[in-house]
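J.: Can you keep this structure in mind? I'll have questions shortly.
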Amino acid sequence: MRLVVLHDGSDLAEWRGQARALLAEDVLPSDVQWQVGERAGLLPAESSPAHQPLREARPAGTVPREFLTLASTVLAHADARRHAVLYRLLWRLTHGERQLLHIASDDDVAWCEQAAKAVRRDMHKMKAFVRFREVAQPQGSVFIAWFEPSHDILPRVAPFFVRRFAGMHWSILTPTRSAHWNGETISFGAGAQKADAPNEDALEALWLTYFANIFNPARLKVQAMKNEMPVRYWKNMPEAALIPGLIRDASARMDAMVQRAPTQPKKHIPAPLPRQSSALPQGSLAELRLQAGQCRACPLWEPATQTVFGEGPDNARIMVIGEQPGDQEDLAGRPFVGPAGQLFDQALAQAGVERNRLYVTNTVKHFKFEPRGKRRIHSRANASEQSACRPWLLAEIQRVAPKTIVCLGAMAAQAIFGKNFRLLEQRGQWITLDNGIGAFATVHPSYLLRLPDERERGEAIAHFVRDLGMLRSLI
């Protein structure tokens with residue numbers, strides 16, 4: 001019996017080198033004992049590789065490329081039989097069964113395919129359910145995640161996180177290995193314990209608030225959710241603590257949604273103002289608000305409930321300009337009170353900025369929507385509608401005279417910086433306007449709410465908080 005000891009049981013190069021040596025010596029699969037790591041006493045000393053007489057080597061032959069691809073994945077499986085099964089496949093491929101991998105009913109082939117499928121599934125779950133937490137350090141923040149995979153997949157999944165979070169310094173800890181990215185190189189170390197990873201960070205409350213608010217009780221399918229997000233992963237996901245309560249209350253919340261009256265506008269339509277001249281509207285902010293309530297410069301006033309004018313101190317040092325009101329803003333008559341506004345408030349709090357010290361407004365002052373059953377679906381204002389609202393925005397800027405302007409979203413950014421402004425390319429860059437006001441643009445909170453990928457959404461929210469943090473010293 002030949003004992004083969006592997007230092008790393010999932011390393012293809014190491015297993016391949018040992019397997020080629022065995023093939024060259026014509027060692028039968030039944031005569032090989034595979035072992036990972038040094039464990040004395042498993043076999044008598046005379047059975048170790050050092051005491052085996054070497055036979056005259058012969059060429060090991062070639063195998064299909066698809067076998068190496070399969071072997072690379074199977075070696076990450078946790079089953080200790082993987083090395084023996086793969087060597088048996090290799091032996092058969094090099095001893096006359098060249099088409100073996102195309103026989104799906106073969107026991108060895110079927111076992112390897114199932115093992116590879118399990119490894120790929122585990123890799124997919126790791127990409128979906130890793131949760132980084134920020135740890136502040138003197139040289140900058142490091143993001144650390146704890147994950148418990150079923151198989152030895154970290155070396156195979158780490159390149160995904162390098163591509164996705166190239167600008168972060170991060171570590172992923174698992175019971176068997178750890179991966180560390182310093183912004184330039186990836187390194188791997190020994191396994192860790194859950195206690196080595198942080199339990200929470202500054203964005204935890206914001207993330208939980210966001211998760212609870214996007215939960216849709218009308219679309220809840222518990223078994224489908226558990227199939228996609230198995231319960232075994234919940235213990236390491238902060239939002240999982242909310243799931244039992246959200247499931248418990250889903251039925252009552254759905255009944256309340258059904259019984260709730262549709263949000264159709266009920267309003268008094270004041271007499272229209274005369275057609276505006278090219279001059280900016282005049283008066284205090286309170287007077288401007290009354291005048292804007294009677295604006296008929298574009299058709300948006302007719303289906304909307306009311307004008308949504310800006311609010312905040314009339315001498316605010318910072319003005320925040322969004323894009324246009326949503327359903328909740330239209331009903332309340334105030335900017336940023338709906339889901340995007342709630343996320344905005346949370347991000348401001350995380351950034352250490354008080355909203356009541358900001359003047360907050362929108363580029364367009366009326367809610368544009370498309371009726372869809374009982375719902376009103378947001379629709380983007382076109383160029384002429386934006387142009388009709390521009391005098392009100394310029395009048396607000398003139399009355400408040402802020403030292404700083406923050407544009408949320410592309411519509412607001414282009415209203416301030418011009419049509420050639422590219423939000424994703426110029427985000428966070430300070431620009432001095434002709435009137436001397438310093439300004440920069442970032443994404444709109446509604447963009448963050450629309451991101452489908454949870455990891456991408458969490459990182460985008462953290463970036464948004466960092467953008468707003470630039471205002472802390474300017475208040």
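The values are calculated or read from the model by the stated rules, or taken from the named source; none is laboratory data. Just so we're clear, the structure is a prediction, and the values are computed from it rather than from any experiment. Cβ placement follows ideal geometry from the backbone for every residue including glycine, while neighbour counts extend to all protein chains displayed. Protein only, heavy atoms only, side chains kept; ligands, DNA and RNA dropped before computing areas. Shrake-Rupley method; radii C 1.70, N 1.55, O 1.52, S 1.80 Å.
J.: Within segment 319-328, identify whether any single residue is open to solvent by 40 Å² or more (accessible area, probe 1.4 Å) and at pLDDT 95 or above, and answer yes or no.
T.: For segment 319-328, residues open to solvent by 40 Å² or more (accessible area, probe 1.4 Å) and at pLDDT 95 or above: absent.
Quick grid of which residues meet (1) part of a loop (DSSP other than H, G, I, E, B); (2) of a type in the set (Asp, Glu):
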residue: Asp314; (1), (2): yes, yes
residue: Ile321; (1), (2): no, no
residue: Pro325; (1), (2): yes, no
residue: Leu331; (1), (2): no, no
residue: Val337; (1), (2): yes, no
residue: Gln342; (1), (2): no, no
residue: Ala349; (1), (2): no, no
residue: Thr361; (1), (2): no, no
residue: His366; (1), (2): yes, no
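J.: Inside segment 146-157, can you point out the residues that are crowded, with 17+ Cβ neighbours inside 10 Å and over 22 Å from Glu200 (Cα atoms)?
T.: Across segment 146-157, the qualifying residues are His151, Asp152, Ile153, Leu154, Arg156, Val157.
J.: Right, next: Inside segment 158-198, can you point out the residues that are without any contact (Cβ under 8 Å) to a residue 12 or more places away in the chain and either of a type in the set (Asp, Glu) or outside any strand (DSSP E or B) (or both)?
T.: Arg163, Glu184, Thr185, Ala195
J.: For segment 435-446, indicate whether the set of residues that are open to solvent by 70 Å² or more (accessible area, probe 1.4 Å), more than 24 Å from Arg289 (Cβ to Cβ) and out of contact with any Pro (no Cβ under 8 Å at 6 or more places or on another chain) is non-empty.
T.: No; the residues of segment 435-446 include none that is open to solvent by 70 Å² or more (accessible area, probe 1.4 Å), more than 24 Å from Arg289 (Cβ to Cβ) and out of contact with any Pro (no Cβ under 8 Å at 6 or more places or on another chain).
J.: What pairs can you find where one residue is in segment 457-470 and farther than 16 Å from Phe211 by Cβ and free of Cβ contacts under 8 Å to residues at least 24 places away in the same chain, the other is polar (S, T, N, Q) and open to solvent by less than 20 Å² (accessible area, probe 1.4 Å), and their Cβ atoms are less than 9 Å apart, with a gap of 6+ or different chains?
T.: Listed by first residue and then by second, the contacts come to His463/Thr442.
J.: Let me ask another. Just to be sure I understand, how many residues within segment 379-391 are free of Cβ contacts under 8 Å to residues at least 60 places away in the same chain and under 31 Å from the mean Cα position of the chain (by Cα)?
T.: Residues that pass the stated criteria total 3.
J.: Still on this model: Return the residue satisfying two criteria in turn: it lies in segment 221-232 and is at pLDDT below 85 and open to solvent by less than 50 Å² (accessible area, probe 1.4 Å), and of such residues it is farthest from the chain's Cα centre (by Cα).
T.: This residue is Met225.
J.: Quick one: would you say Ala347 is open to solvent by 20 Å² or more (accessible area, probe 1.4 Å) and of a type in the set (A, V, I, L, M, F, W, C)?
T.: Considered against the rule, which asks whether it is open to solvent by 20 Å² or more (accessible area, probe 1.4 Å) and of a type in the set (A, V, I, L, M, F, W, C), Ala347 comes out as no.
J.: Does segment 320-330 contain at least one residue that is within 20 Å of Ala401 (Cβ to Cβ) and over 24 Å from the mean Cα position of the chain (by Cα)?
T.: Yes, because at least one residue in segment 320-330 is within 20 Å of Ala401 (Cβ to Cβ) and over 24 Å from the mean Cα position of the chain (by Cα).
J.: Still on this structure, I have one more. Which condition from (1) open to solvent by less than 30 Å² (accessible area, probe 1.4 Å); (2) closer than 28 Å to Gly183 by Cα; (3) in a helix (DSSP H, G or I) is the one that Cys112 breaks?
T.: With respect to (1) open to solvent by less than 30 Å² (accessible area, probe 1.4 Å); (2) closer than 28 Å to Gly183 by Cα; (3) in a helix (DSSP H, G or I), Cys112 is out only on (2).
J.: Residues that are over 21 Å from Ala316 (Cα atoms), open to solvent by 70 Å² or more (accessible area, probe 1.4 Å) and among the polar types (S, T, N, Q): does segment 384-393 have at least one?
T.: Yes, some residue in segment 384-393 is over 21 Å from Ala316 (Cα atoms), open to solvent by 70 Å² or more (accessible area, probe 1.4 Å) and among the polar types (S, T, N, Q).
J.: Let me ask you something else. Which pairs do you get when a residue that is on the phi < 0 side of the Ramachandran plot, found in segment 93-105, comes within reach of a residue that is open to solvent by less than 100 Å² (accessible area, probe 1.4 Å) and assigned to a loop (DSSP other than H, G, I, E, B), reach meaning Cβ atoms under 6 angstrom, with the pair 6+ apart or on two chains?
T.: From residues that are on the phi < 0 side of the Ramachandran plot, the pairs are Leu93/Val63; Thr94/Gly61.
J.: Hey, another quick one. Which pairs do you get when a residue that is touching a residue at least 60 places away in the same chain (Cβ under 8 Å), found in segment 429-443, comes within reach of a residue that is open to solvent by 20 Å² or more (accessible area, probe 1.4 Å) and part of a strand (DSSP E or B), reach meaning Cβ atoms under 9 angstrom, with the pair 6+ apart or on two chains?
T.: As it stands, the answer is none, since no pair meets every condition given.
J.: Is it fair to say Ala136 is within 20 Å of Leu75 (Cβ to Cβ), of a type in the set (A, V, I, L, M, F, W, C) and surrounded by fewer than 14 Cβ atoms within 10 Å (Cβ to Cβ)?
T.: Spelling it out, it is not the case that Ala136 is within 20 Å of Leu75 (Cβ to Cβ), of a type in the set (A, V, I, L, M, F, W, C) and surrounded by fewer than 14 Cβ atoms within 10 Å (Cβ to Cβ).
J.: Out of the residues in segment 12-50 meeting the condition of being modelled with pLDDT under 90 and surrounded by 11 or more Cβ atoms within 10 Å (Cβ to Cβ), tell me which one is farthest from the chain's Cα centre (by Cα).
T.: Ser47
J.: Additional query: List pairs: first residue in segment 3-15 and more than 15 Å from His151 (Cβ to Cβ), second residue among the β-branched types (Val, Ile, Thr) and open to solvent by 40 Å² or more (accessible area, probe 1.4 Å) anywhere in the structure, Cβ distance under 7 angstrom, at least six positions apart or on different chains.
T.: Once the first residue is more than 15 Å from His151 (Cβ to Cβ) and sits in segment 3-15, its partners that are among the β-branched types (Val, Ile, Thr) and open to solvent by 40 Å² or more (accessible area, probe 1.4 Å) give Leu6/Val36.
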